[in-house]
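This report concerns only the one structure given below.
The values are calculated or read from the model by the stated rules, or taken from the named source; none is laboratory data. The structure displayed is predicted, hence computed values, not measured ones. Backbone-built Cβ (ideal geometry, glycine too); neighbour counts: all protein chains shown.
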Amino acid sequence: MTAMRKMPNVEKFSQLMSLHSMDRRHLDRFFETPPDALTLLVPLDEGFREADNFTASELRRVVEILRGHTSPLLLYHMLPRRWYLHHLYHNQQLRTLYRDTSVTVTKLSNKMVLFNCVPVQRVDIHARDGVLHVLQRPLPPSYVLSLVDLISMDPDLTMFFTVLGYADLLGWLRSVDSITVMAPTNAAFKRLPLRFLDSITYDVKYFPALQALSRNHLMEGVECSLGLRAKVRVKTLEGITLPVACSSSFNLSLNSALVTKPDVVTSNGVLHYIDKVMIPPRAMSLVQVTRRAGATKFIELVKEVGLFDDLVSFGPYTVFAPSNEAFKKLNASFLSNKDALRNLVMYHLAVGSHASFTLLDNQVLPTLLQDTFLRLKVHARVMSAEDGVVTSSDHVAFNGYVHVVDRVLHPPVSSIARVLSRDPNLRRFTSLVTQSGIALWRELSLEKGPFTLFAVPDDDMDRWASDLFTYYRIINDEKLLNRSLSAHILDDFVMPRALEEGSHSVLRPRLKRPSHHRYPLRLTVSEGRLSLRHASISKNFVLCTNGIILFIDTLLLP
């Protein structure tokens, strides 16, 4: 191309072409049908001095090639046919004259054009037999290595290569045409807890999390550092949107991971070295997810009682983590008892991985604390575990789920019958229960259930008993008494804190005998007041090992 010989600052590339006799007469051997015109990507002379070591070594090899043999690097700067600026689009692949290799076009929002991440200084220089584009520097010989080749050969990326291998993504990376890889260095991986990395890498049940971690470092297409600087956020193959930032000193970072070495172009994509592993939610441990959910004080407690590694590496568990606000109500003296604290933490860890949409009303989950369970209430918009209302749910981790509750949960220690026998303010109601027969008392003493018992405190019982006719009629009629008490016991677990304002619930009292008729109880919540038929329900309650005791102000009549 005679137009190139007249241009200043491109003498070196012109000399290389002359040295290797690169004129139109020698192109026939590269094509069955030689191209009618060429597009030439011409580096500036200054760009040769700024070329990286990899490109410089390839250029030295170019000069050593005997005359009459054509350098791959020179052919890599030539494209068959004319390619003007208006022909080009973002992530376009243009075939070069060197075998089946191609260069990738990047078009930025400011109209700047890059070839393999190398900026174009001048575009559309017309010549009689083609068109020229002037590059800032020579194109890196990306045809030499693929992404997998580069990652496997770099001693600073051995851990990333291992992770990709265990995630079964190396074969896919070899076959893909255009991809961007954000590669954490070995130093970045060493910042992670060793047990977390071992668990997610070598435990087969966490394979989906390992793949999520790997895909979170891959982006579709070729994204050069100049293109990333012009963006506010990018999306990974994992579907996670990462914020992009550029400091005043032009340091590029993605999601707080600093790009330490940008724009390493390969035959099937571009690689950027970063100093931090970008962990997506599906690959985070329960510790990380709980912190992100705002329950930081619970994690401090987990660390204090020695269960930190369990939540980092083992599982799966479902964590019902009390909010930071919930811990303000905890007795300070309780925090000084380490054994009690450990039991408390274990009670908040349910066995298995349970998302909110998989949980059922009245479901019982075993916890890590021996012989203890969490009883769930699931309503249309509210879910509770024991007396804790779930305020934030479904924070997913690779080894389980986190649900934030508004109370610190304490395992109940007494059965319903034991609470009745020990509470001095329930003596009169307890006497009615015992008067109805030993079978009912035995049932309330067993660790079965869960039951809900509507108990009448003595003060309210005294006021109700002022109607002597009704009172003596019930206590002297065994059948009437049993029917009345059957309305006070439900084969259900009613948690008042989980009931929504304005809600109406129809409760079915338990049947002692099949011949008994069940009168439905309508529970309503209006202006914060709970009502059950003609009785009002107190906001106070007692959790028991086999159910819950709610307090009402009058005896329920059949």
Original post:
Looking at region 283-299, which of its residues are of a type in the set (D, E, K, R) and either free of Cβ contacts under 8 Å to residues at least 60 places away in the same chain or not assigned by TED's automatic domain parsing to the domain that holds Asp309 (or both)?
Top reply: Arg291, Lys297
Original post:
Thr391 is checked against (1) loosely packed, with under 15 Cβ neighbours inside 10 Å; (2) under 23 Å from Glu325 (Cβ atoms); (3) of a type in the set (Ser, Thr, Tyr) and fails just one. What number does that condition carry?
Top reply: (1)
Original post:
Residues of region 232-244 being without any contact (Cβ under 8 Å) to a residue 40 or more places away in the chain and surrounded by 15 or more Cβ atoms within 10 Å (Cβ to Cβ), which ones?
Top reply: Val234, Leu237, Leu242, Val244
Subject >> Hits in region 417-435 (condition: surrounded by fewer than 18 Cβ atoms within 10 Å (Cβ to Cβ) and among the small types (Gly, Ala, Ser)) >> reply: Ser421, Ser431
Original post:
Right, Thr318: closer than 24 Å to Phe398 by Cβ, outside the structural domain of Leu490 (by TED's automatic domain parsing) and surrounded by fewer than 18 Cβ atoms within 10 Å (Cβ to Cβ) or not?
Top reply: no
Original post:
in contact with a Phe, Trp or Tyr (Cβ under 9 Å, 6 or more places away or on another chain), within 18 Å of Tyr401 (Cβ to Cβ) and in the same structural domain as Glu304 (by TED's automatic domain parsing): does that describe Ala355?
Top reply: yes
Subject >> Set Arg381, Arg342, Arg375: member being surrounded by fewer than 20 Cβ atoms within 10 Å (Cβ to Cβ) and at pLDDT 90 or above >> reply: Arg342
Original post:
Do we have Val389 as in a loop (DSSP other than H, G, I, E, B) and under 19 Å from Gly547 (Cα atoms) here?
Top reply: no
Original post:
Out of curiosity, is Leu169 under 30 Å from Ala188 (Cα atoms) and either out of contact with any Cys (no Cβ under 9 Å at 6 or more places or on another chain) or surrounded by fewer than 18 Cβ atoms within 10 Å (Cβ to Cβ) (or both)?
Top reply: yes
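To keep it simple, each residue is scored yes or no on (1) farther than 19 Å from Glu46 by Cβ; (2) of a type in the set (Val, Ile, Thr); (3) free of Cβ contacts under 8 Å to residues at least 60 places away in the same chain.
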residue: Gln93; (1), (2), (3): yes, no, no
residue: Cys117; (1), (2), (3): no, no, no
residue: His126; (1), (2), (3): yes, no, no
residue: Gly130; (1), (2), (3): yes, no, no
residue: Leu135; (1), (2), (3): no, no, no
residue: Pro140; (1), (2), (3): no, no, no
residue: Val148; (1), (2), (3): yes, yes, yes
Original post:
Can you tell me which of Asp462, Asp491, Asp423 is under 19 Å from Ile552 (Cα atoms), modelled with pLDDT under 80, among the acidic types (Asp, Glu) and assigned by TED's automatic domain parsing to the domain that holds Asn546?
Top reply: Asp462
**OP:** Starting from residues that are farther than 16 Å from Val525 by Cα and part of a strand (DSSP E or B), keep the ones in region 542-558 and report whichever is farthest from the chain's Cα centre (by Cα).
**Re:** Ile549
**OP:** List the helices (runs of 4 or more DSSP H) that sit entirely inside region 229-344 and contain at least 2 residues that are in contact with a Ser or Thr (Cβ under 6 Å, 6 or more places away or on another chain) and under 27 Å from Arg215 (Cβ atoms).
**Re:** 308-313
Subject >> Checking Ser152 against (1) assigned to a loop (DSSP other than H, G, I, E, B); (2) of a type in the set (S, T, N, Q); (3) assigned by TED's automatic domain parsing to the domain that holds Gln211, the condition it does not meet >> reply: (1)
Original post:
Can you pull out the residues in region 437-452 that are of a type in the set (A, V, I, L, M, F, W, C) and not in a loop (DSSP other than H, G, I, E, B)?
Top reply: Ile438, Ala439, Leu440, Trp441, Leu444, Phe451
Original post:
Restricting attention to region 279-292, does a residue exist that is more than 20 Å from Gly315 (Cα to Cα), among the small types (Gly, Ala, Ser) and surrounded by 20 or more Cβ atoms within 10 Å (Cβ to Cβ)?
Top reply: no
Subject >> Qualifying residue in region 401-408 (condition: in contact (Cβ under 8 Å) with a residue 12 or more places away in the chain, within 22 Å of Met495 (Cβ to Cβ) and part of a helix (DSSP H, G or I)) >> reply: no
Original post:
Restricting region 121-149 to residues that are modelled with pLDDT under 85 and part of a loop (DSSP other than H, G, I, E, B), which is farthest from the chain's Cα centre (by Cα)?
Top reply: Arg128
**OP:** Could you tell me whether Gly315 is under 22 Å from Pro280 (Cβ atoms) and either modelled with pLDDT under 95 or out of contact with any Phe, Trp or Tyr (no Cβ under 7 Å at 6 or more places or on another chain) (or both)?
**Re:** yes
Original post:
Residues of region 155-209 being among the basic types (Lys, Arg) and in a helix (DSSP H, G or I), which ones?
Top reply: Arg174, Lys190, Arg195, Lys205
Subject >> Looking only at region 95-115, and only at residues there that are free of Cβ contacts under 8 Å to residues at least 24 places away in the same chain and more than 23 Å from Asp36 (Cβ to Cβ), the one that is surrounded by the most Cβ atoms within 10 Å (Cβ to Cβ) >> reply: Lys107
